Amino acid sequence: MTTPANGSQLASNAELSVIRPPALAPIEPTESESTTPDTPVAASHHQRFNLAEATLRERSARHSRDKITTAEFQLKQRVSHPDGGDSSVEEIMLHEKAQREEIDQDAGNGSRKHSRLPEWMRSIPKYVLLFDFGLLLYFFGGITNVDWGSPLSPALAFAAGLAAMVTLLSYGFLSFTGHRLRSHKNHAGTIHREDLDGVTGAAFVISIVVIAVLAVLMFTRIRTEVFDALGAQAQITALVIAGAVAVVNAVANFLVICIHALDGSDHTARLEKLSAAVRGPLAVAHRLREQAAKQVNH
């Protein structure tokens, strides 16, 4: 019988191992996928970036420190002191602070000694200077026979030289008198004749004489010009016009004395000189500190 034979063959076939498909190999990540932030390559790039940024910050901080140091040395340099000699900027700043405190203390106690005139009024002496020069140039131009139709000539140069000399000397002496009077200004903001010393009193009298002489010169010159233009019959017109010019000239020159005498005090004048002495170095130091602060903030 063949049954056992067939049964044994089936049994042997059942004992054969089951054939399975081979396992797939794991897929390796590509180069682009492997450069995640946690990989060594990204970490190295990030580290180089941090080092570069740290170097820039360190360099900026060094430049900032250098500018602050330079600004500090600006305050230690010696400059001309308004009272004479040289002093450091820091020392002059201390004197400036003390002078300002003294002025503020007087003002707090009701003093009007240090009161300043308005800015537009303080500029009047400059215009008076130009006004006097123009009138004197016209006066001396007539004496030197300047041809105003063709003014460029040696005569005009001579007239301009004379006008400049008289103008500067008279203006300088009027300013000097005003400054002398200012030194005798009291806390009420006034100046009294009995408080003047001999030099100041003499300077004031001489200034009045100078003003009168200039007014007479202007009166004479303008009166002559009116006669030349209108004839000898214009007596009243010549008198009025020449007198008006002379009075205006005298008032303008006297105003120079008054403005210099009543504008502030010797204390405020000294304060302005102290401030002007340190203005340049302080501006440089401020600019350096500002640049240093901007570098730190960046």
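A short reminder: the numbers here are calculations on the coordinates, not readings from a lab. Since the structure is predicted, the reported quantities are computational estimates derived from the model, not experimental observations. Please note: Cβ atoms are built from the backbone with ideal geometry, for glycine as well, and neighbour counts cover all protein chains shown.
Can you pick out the pairs among Lys76/Lys185; Lys67/Lys97; Lys97/Lys185; Lys76/Lys126; Lys76/Lys294 whose Cα atoms lie more than 28 Å from each other? Show your work: numbers first, answer last.
On the way: Lys76/Lys185 36 Å; Lys67/Lys97 26 Å; Lys97/Lys185 23 Å; Lys76/Lys126 36 Å; Lys76/Lys294 24 Å.
Going by Cα-Cα distance, Lys76/Lys185; Lys76/Lys126 fall outside the 28 Å limit.
Run the Debye formula on the Cα coordinates of region 206-269, all scatterers equal and no solvent, and tell me log10 I(q)/I(0) at q = 0.13, 0.20 1/Å.
For the requested q values the scattering log ratios are -0.46, -0.75.
According to a simple spin-label model (label point 7 Å from Cα along Cα-to-Cβ), what is the distance in nm between Phe173 and Asp197?
The answer from the label model is 2.1 nm.
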